[in-house]
Amino acid sequence: MPASLDVPHASPPQSSQQLQPSTIRKQRSGNGSQSSSLLRIIGVAICFVLAFHWYLVLHHVTYHAPRGHNNAFPGWEKPAKGSSRKESSSNQNNEGRYILSSVCGGCYRTSKSDNVPCFDLIQKYMKQHAGTSLREASQMVGTDVKECSICNPDTCYKHHLKDKDNLLSSSDHQNDQQYQTKYWRFDQTSPKYTSPTSLVLPSIPDELRIPPSRFNDIEAYITTKYAHPDPENITNVFLMEYNPGLAPIPLDMRAYLPWNARYLLSLRVTPHNFCFPLWLTDKLSEDIKQTMHSLNHMGLALLDERYRVIEGHDVVIDIDRQLDAKKSMMGEPAFVDYRLFTLNDELYLHINSDTVILTKLKLRSKGIGDPNEKEDSILKNKGEKQYKLKNLYGGDQLEVTLLHQFNTIWGEGRKKIFGKNYALFSIPNATHPTAPDSIYAEISIHPEHVVQQILPGEYEKIPKDRRIKWRQRRNFKIDHIIQRMMKTVGNSTKSTTSLEASVPSFFSADEHWFPGSKNPFKEFAHGGACCVSVSLEEISEAGVVAPSAQEDGNWEGVDSLLVGVGHTMVKNKKNKMAENERMLIPDTHYISFLYAFDPRPPFQLLVKSGYFCLGFAFASKDEEGGTINPRSILTHHRPLQQNNETFACSQIHYISTIIEKVDNPSSVVIGYGMNDCTSRLVEVSKKEIAKLLFPDPWEMVVSKSS
């Protein structure tokens, strides 16, 4: 996640329209006669109009203009209305949802083996052969360059409509020009969900909440609160909670907890946030920003089956201080996001630190417990020290114990990434079916899927004088936690995403706006949340079809998939981009995608969806479960933006957990943070996931011209 409040973002709106470059120059200079300025403005406007019309002619585009929204999910995203993505016979209901273009789906983002984008080759061909149409250039490049065959309009639509019920008629084969590809808005392709629930920790004292009356003068409030910035201060602060982790409570642990406890929730609790517009906080001193960033408590709560916090069973813990892991450097947090995984009926706590660190948790309601528990004696025999954590806030009933010191999942060098956000999953032991499942860490997703088998309870102690040679953000000496390098089994498995899997299941508007080498998003896809199992039978029950082994050899022997959610973001190359281009792709804006891989080594990535974003919380208790969070309104200050379009979701929607719903294996629970400010859970059916990974092409991919 972003490291401080001063990361560049979109500028505050000056009016209902974007300022034209000529207007900006006029305001900056303030010189010259009014008549000459007027002529320059008129000249720029004429050039802009001509260029825009030429752009439309060149791309053969039908653009469905965006419609407005008033802080609610647009259209079908609101499940209470019984809405759907399916196309209506009336074009009116589809306005604003996607762009139609004759460019084949996948062509904008496919590259040759030397990383030259196919669409760049098409544009180059058109420049070299004056008068050549986009379709003709696409035919030539798609025919002559093997890796770019997906761009050939003579064959690409047959690829998308390959199912027997969608086969083109013979007359259609002779007139492929009547087909166009849909390029969707990010806020129109998220999974349909139910049971949206806002997450609030009652244990955070009211005096550590920002009063809503101070939302409009937040700069003055923060400046007063942090009049004397001090990383050691943990009481005269304000706190937010976001980026949820969620895990089912192990069956063996339920006997020691309230009868209705079903899930354990984790949250990052910190003053660091992106709740407010940049122009309200950009005058804060660096000392204040870094002090806010350095404080990161861990929030935990027991939830019932409806995701409600069980009274007396939520806590805030200053875990870095208790483990003597607090960083001495101003602004550097020891621990950041907290995640939870239940594997082999054991509860694991996963934290992003200098690298990823891992331990096991024991939860007890006060007064309930067996002093001679088997797990305790096993650990003591190994010489492991347990850590019964003290609750900073809350904790009337809940006791939390670390069963051993953290062990660290190390990477293997710069190209192999030390990184963060490693997801954990388990599969049956291949050689000993009666043994506990084998546990794996997913290191990276795309374009290379890297997975490492780990032994979470075993470690090698390495010298403290050894340094971490590469880390995305930090390069510290090894401390007493990082030196416990977790043992692994063999080398990590690596599988490069195939051409078939690299083409998303549907296509997004950014491909059309910024084709070829202009891709605004980082190619490297980060982990967000993983994994839930979806069988081919469940996919079939959704009314969609997965590829066969005859169509793609990677599907040979596959009878189920492990599904996760990844994310990527805009990262501007500040020194290589003109200001007017940078304004169209604001920095640090996040989008998500679903992906699925073979649950057998080498865990080949088989399919991924197009991009989507999850939306804002509802303000009404009739639509939003849990406790209505008064800070949810703040997430609207920073919506996702691109190409002068504003989407009905936050700039940073960060999906941090996905698990199978307890007592209902046909659904999953997804948790996400919004703008490092608030958090939310939603339920999604596995059928809905299947429909996004293997969509009906007429619904999501192809449109037939009238």
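The values are calculated or read from the model by the stated rules, or taken from the named source; none is laboratory data. Note that this is a predicted model, so its numbers are computed, not measured. All Cβ positions, even for glycine, are placed from backbone atoms using ideal geometry, and neighbour counts span all protein chains on display. Each accessible area value is taken on the protein alone, full model and side chains, heavy atoms only, with ligands, DNA and RNA left out. Shrake-Rupley method; radii C 1.70, N 1.55, O 1.52, S 1.80 Å.
Under 6 Å by Cβ, and 6 or more places apart or on different chains, what pairs join a residue from the range 405-432 that is at pLDDT below 65 with one that is open to solvent by 30 Å² or more (accessible area, probe 1.4 Å)?
Sorted first by the residue in the range 405-432, then by its partner, the pairs are Arg414/Trp470; Phe418/Trp470.
Failed condition for Leu634, given (1) under 16 Å from Asp510 (Cα atoms); (2) outside any loop (DSSP other than H, G, I, E, B), with all others met?
Just one mismatch for Leu634, condition (1).
A quick yes/no check of all residues on (1) of a type in the set (Gly, Ala, Ser); (2) out of contact with any Asp or Glu (no Cβ under 7 Å at 6 or more places or on another chain):
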residue: Gln178; (1), (2): no, yes
residue: Arg185; (1), (2): no, yes
residue: Ser195; (1), (2): yes, no
residue: Pro202; (1), (2): no, no
residue: Phe215; (1), (2): no, yes
residue: Thr223; (1), (2): no, yes
residue: Leu239; (1), (2): no, yes
residue: Asn243; (1), (2): no, no
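Which of the residues belonging to the range 665-706 are aromatic (Phe, Trp, Tyr), touching a Phe, Trp or Tyr at 6+ places or on another chain (Cβ under 9 Å) and surrounded by fewer than 23 Cβ atoms within 10 Å (Cβ to Cβ)?
Our first condition is that a residue be aromatic (Phe, Trp, Tyr); within the range 665-706, this holds for 672, 694, 698.
Right, trim to touching a Phe, Trp or Tyr at 6+ places or on another chain (Cβ under 9 Å) and you get 672.
Residues satisfying the conditions do not exist here.
Please state which of the following conditions Ile659 fails to meet, knowing it meets all the rest: (1) under 21 Å from the mean Cα position of the chain (by Cα); (2) more than 19 Å from Asp187 (Cα to Cα); (3) without any contact (Cβ under 8 Å) to a residue 24 or more places away in the chain.
Tallying (1) under 21 Å from the mean Cα position of the chain (by Cα); (2) more than 19 Å from Asp187 (Cα to Cα); (3) without any contact (Cβ under 8 Å) to a residue 24 or more places away in the chain, Ile659 fails exactly one: (3).
With respect to Ser138, is the statement that it is over 30 Å from Ala648 (Cβ atoms), in a helix (DSSP H, G or I), at pLDDT 85 or above and among the small types (Gly, Ala, Ser) true? Write out each step before concluding.
On the way: over 30 Å from Ala648 (Cβ atoms): yes; in a helix (DSSP H, G or I): yes; at pLDDT 85 or above: yes; among the small types (Gly, Ala, Ser): yes.
When the stated conditions are applied, Ser138 passes them.
Condition test on Phe597, is it within 19 Å of the chain's Cα centre (by Cα), open to solvent by less than 30 Å² (accessible area, probe 1.4 Å), modelled with pLDDT of 95 or more and over 30 Å from Pro428 (Cα atoms)? Working first, answer last.
Working: within 19 Å of the chain's Cα centre (by Cα): yes; open to solvent by less than 30 Å² (accessible area, probe 1.4 Å): yes; modelled with pLDDT of 95 or more: yes; over 30 Å from Pro428 (Cα atoms): no.
Judged against the criteria, Phe597 is not a match.
Consider Val662 carefully, then state whether it is of a type in the set (A, V, I, L, M), surrounded by 23 or more Cβ atoms within 10 Å (Cβ to Cβ), on the phi < 0 side of the Ramachandran plot and in contact with an Asp or Glu (Cβ under 8 Å, 6 or more places away or on another chain).
no
Please note which strands (runs of 3 or more DSSP E) are completely contained in the range 241-352 and include at least 1 residues that are modelled with pLDDT of 95 or more and basic (Lys, Arg).
Values: elements: 263-270, 297-303, 309-317, 338-343, 346-352.
The qualifying strands (runs of 3 or more DSSP E) are 263-270, 338-343.
Considering each residue of the range 175-213, count those that are over 30 Å from Ile317 (Cβ atoms) and outside any strand (DSSP E or B), and give that number. Explain how you work it out, then say what you get.
Of the range 175-213, the ones over 30 Å from Ile317 (Cβ atoms) are 175-194.
Going one step further and asking which of them are outside any strand (DSSP E or B), we end up with 175-178, 185-193.
Matching residues across the range 175-213 total 13.
Look at Lys283 and say whether it is in contact (Cβ under 8 Å) with a residue 60 or more places away in the chain, open to solvent by 10 Å² or more (accessible area, probe 1.4 Å) and farther than 24 Å from Lys390 by Cβ.
Values: in contact (Cβ under 8 Å) with a residue 60 or more places away in the chain: yes; open to solvent by 10 Å² or more (accessible area, probe 1.4 Å): yes; farther than 24 Å from Lys390 by Cβ: yes.
Here the answer is yes, as Lys283 does meet what is asked.
Please indicate, with yes or no, whether at least one residue in the range 502-514 is surrounded by 17 or more Cβ atoms within 10 Å (Cβ to Cβ), at pLDDT 90 or above and among the hydroxyl-bearing types (Ser, Thr, Tyr).
Yes; the residues of the range 502-514 include at least one that is surrounded by 17 or more Cβ atoms within 10 Å (Cβ to Cβ), at pLDDT 90 or above and among the hydroxyl-bearing types (Ser, Thr, Tyr).
Test of understanding: among Asn236, Asn216, which residue is in contact with a helix residue (DSSP H, G or I) (Cβ under 9 Å, 6 or more places away or on another chain), assigned to a loop (DSSP other than H, G, I, E, B), free of Cβ contacts under 8 Å to residues at least 12 places away in the same chain and over 27 Å from Lys366 (Cα atoms)? Outline the logic, then answer.
On the way: Asn216 fails: assigned to a loop (DSSP other than H, G, I, E, B).
None of the other options fit; the residue is Asn236.
Can you tell me how many residues within the range 553-594 are out of contact with any Pro (no Cβ under 9 Å at 6 or more places or on another chain) and open to solvent by less than 20 Å² (accessible area, probe 1.4 Å)?
Qualifying residue count, the range 553-594: 9.
Look at the range 183-240 and say how many of its residues are at pLDDT 95 or above, open to solvent by 20 Å² or more (accessible area, probe 1.4 Å) and among the aliphatic types (A, V, I, L, M).
1
Within the set of pairs 6+ apart or on separate chains, which have a first residue in the range 115-140 that is closer than 12 Å to Ser102 by Cβ, a second that is open to solvent by 50 Å² or more (accessible area, probe 1.4 Å) and in a loop (DSSP other than H, G, I, E, B), and C-beta atoms under 7 Å apart?
Going by the 7 Å Cβ cut-off, the qualifying pairs are Leu134/His60; Gln139/Asp154.
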